[in-house]
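Below: one structure, written as structure tokens.
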Amino acid sequence: MNSQQTPPHEYPFPAGVSDAPLTRRLRMRLWWAAASGNMRGSVLMGGAILIFGLMIACIKEIGSSLPLPQIIVIRQVFITLMLLPLFLPNLRTTLHTKHLGLQITRGLLSLMAMLCGFTAIIYIPLADATALGFSKVLFVTIAAVWILKEKVGPRRWLATFCGFLGVLIILAPGGAEPISVYYLLAVLGALFGAGINVTIRMLSSSERTETILLYQALVLFTALVIPTVMWWTPPTLEQWGLLVVIGVTGTAAQFLVTRAYQIGQASALAPLDFTRLLVAVVTGFAFFGEIPNWRTMLGAMIVVGATLYTIRRNSAPHFVKPDPP
């Protein structure tokens with residue numbers, strides 16, 4: 001009998017079979033378990049932003065030929081169908097909420113954010129709509145301090161304002177052309193979006209992710225079912241394909257964002273929204289021929305710097321002093 005024993009961290013594998021994939025998965029699980037809540041929230045938010053960029057491109061493509069309420073309702077139908085496995089097994093538990101008023105408020109905020117934000121996306125360049133949407137970062141950070149009583153350090157404030165400075169460079173305010181109503185809708189969408197983030201944070205301590213998503217679906221259906229029936233336009237086969245993509249990507253992005261804000265602090269995750277600008281620039285150029293000018297490029301560089309710094313701050317461990325006996 002061979003006296004040499006296998007080390008406790010190594011396991012015998014058949015000849016030609018590598019344990020590298022298992023090791024990588026194990027390392028990723030260990031890293032995820034050891035990461036701070038803000039870091040895990042940052043990773044989830046990054047994935048949501050990439051998926052969200054694809055959804056926005058599809059909405060811009062289809063938005064000029066189908067009514068927006070119809071697009072939102074069909075999108076929500078796909079989201080609800082994909083989440084049925086989460087809803088059905090414990091539907092009574094999922095419907096139970098301790099904050100019905102806040103759930104309805106969150107649903108109405110989502111409705112207004114979609115109507116305002118998607119309308120702006122359809123009618124103005126993606127980079128402009130996305131840049132204006134970044135005003136949500138200031139709204140969220142201020143609300144996190146004022147409503148959620150979160151502590152925001154000077155470095156996070158600096159990262160947030162640097163990112164907003166990049167947005168201002170892109171917009172180049174003070175031009176001779178009048179501001180279109182669609183630009184104002186983009187800002188309103190950002191304000192409602194900030195309200196969504198804050199309400200998710202307020203609900204995260206007592207409400208399940210499935211409950212939050214289900215009540216949003218109920219509010220959207222109730223508010224938009226009549227306009228959708230009145231203005232229904234039969235989609236073509238190609239449009240149905242785009243609607244399917246919108247529904248699938250909307251589900252994934254929404255779930256990741258909800259989980260991110262349940263795990264991390266709103267004030268820590270808000271500056272990460274700036275990466276949506278880079279996604280918008282690439283998407284606008286690739287699909288719609290929108291070429292960003294030098295202001296967009298300069299502002300994007302500042303935004304990237306602020307975002308990378310925020311991720312680094314989120315990955316730092318946070319030590320909490322124990323309460324005195």
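Give me the net charge of Ile51's neighbourhood, meaning all other residues with Cβ under 15 Å from the Cβ of Ile51; Lys, Arg count +1, Asp, Glu -1. Walk me through the numbers before you get to the answer.
Values: positive: Arg75, Arg259, Arg276; negative: Asp273.
Local net charge: +2.
Leu237 to Trp32: extension gain in nm, 0.36 nm per residue of separation minus the Cα-Cα distance?
69.6 nm
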How charged is the neighbourhood of Ala129? Take every other residue with its Cβ under 15 Å from the Cβ of Ala129, and add Lys/Arg as +1 and Asp/Glu as -1. -1
Summed residue charge, Cβ within 15 Å of Ala143's Cβ, Lys/Arg positive, Asp/Glu negative: +4
Cα-based radius of gyration of the stretch 39-314 once divided by 2.2 N^0.38 Å, which approximates compact folds: 0.97
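Just so you know, all these numbers are worked out from the coordinates, no wet-lab data involved. Note that the structure is a prediction, hence the values are computed from the model and not measured. All Cβ positions, glycine included, derive from the backbone under ideal geometry; neighbour counts span all protein chains shown.
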